[in-house]
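Just below is one structure, and these are the notes that go with it.
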Amino acid sequence: MDKDLSPKFGHEDVEIIARAPVFQGFFTMLRVRLRHRLYGGGWSEEFERELFVRGAAVGVLLYDPRRQLVGLVEQFRIGALARSGGPWCLELVAGMVEDSESLESVARREVLEEAGIAVDGLHHIRSYMPSPGGSSERMHLFCALVDLHEVEGYFGLDHEHEDIHLRVLPLPVVLKALETGCGEGCVIDNAATIIGLQWLQLHRTELKPNH
């Protein structure tokens, strides 16, 4: 039985032959021509893949341990147009990392912009790749312990076309929705929010109010 989880191959086992942009707009799409080593020996034939280029992102779960409340943001998402429940999604506060920004500073900035709350301490949850089959994005998740008493409202930056509703929900209600497993009609159905809430479910007894 193999107890080493490390991949057999690494960067040196991929040969990038060409890469060229096929679209550059709000996001960038590259066409990459490459070949790589095969498990059975030798190299693959040359082939092409499209790569959705997106850098690091930060997601922040808002949690009030004193009142057992969770803060999630609701906003329109273009990728959810065909979603049975509609394209307004319940999510973590989130944003992209700009050049020279630390992950923690992005987390604090996004919470202020999307929820109107100043954050001091952050608990790192984990980082992961949401869709490595076609995207370069890496998501970094945090939990912020905040006071969610009477903070619901509408936020976002007009120049970024953001129209964000901060919703504050009882923890038991959120966890019940998380466990329902209701397919396409599920209220909470994006990876960052599910992972963040599952982490909270495991660690909430360790989280104490700041004051």
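Please go through segment 1-14 and pick out each residue that is of a type outside the set (Gly, Ala, Ser), in a loop (DSSP other than H, G, I, E, B) and under 28 Å from the mean Cα position of the chain (by Cα).
Within segment 1-14, ASP4, LEU5, PRO7, LYS8, PHE9 qualify.
Just checking, does segment 15-25 include any residue being over 23 Å from GLY55 (Cβ atoms) and among the basic types (Lys, Arg)?
No: zero hits.
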Subject >> Exclusive hit being at pLDDT 90 or above, farther than 19 Å from CYS186 by Cβ and not aromatic (Phe, Trp, Tyr), set LEU72, LEU92, LEU81, LEU103 >> reply: LEU103
**OP:** Having 2 or more residues that are more than 30 Å from GLU48 (Cα to Cα), open to solvent by less than 30 Å² (accessible area, probe 1.4 Å) and at pLDDT 90 or above is the bar; report the strands (runs of 3 or more DSSP E) wholly within segment 112-209 that clear it.
**Re:** 138-145, 164-170
Original post:
Residue check, ALA80 against (1) touching a Cys at 6+ places or on another chain (Cβ under 9 Å); (2) under 23 Å from THR205 (Cα atoms), all met but one. Which one?
Top reply: (2)
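The values are calculated or read from the model by the stated rules, or taken from the named source; none is laboratory data. Everything quoted here is computed from the prediction, not taken from an experiment. All Cβ positions, glycine included, derive from the backbone under ideal geometry; neighbour counts span all protein chains shown. These area figures cover heavy atoms from the full protein model, side chains too; ligands, DNA and RNA do not enter into them. Shrake-Rupley method; radii C 1.70, N 1.55, O 1.52, S 1.80 Å.
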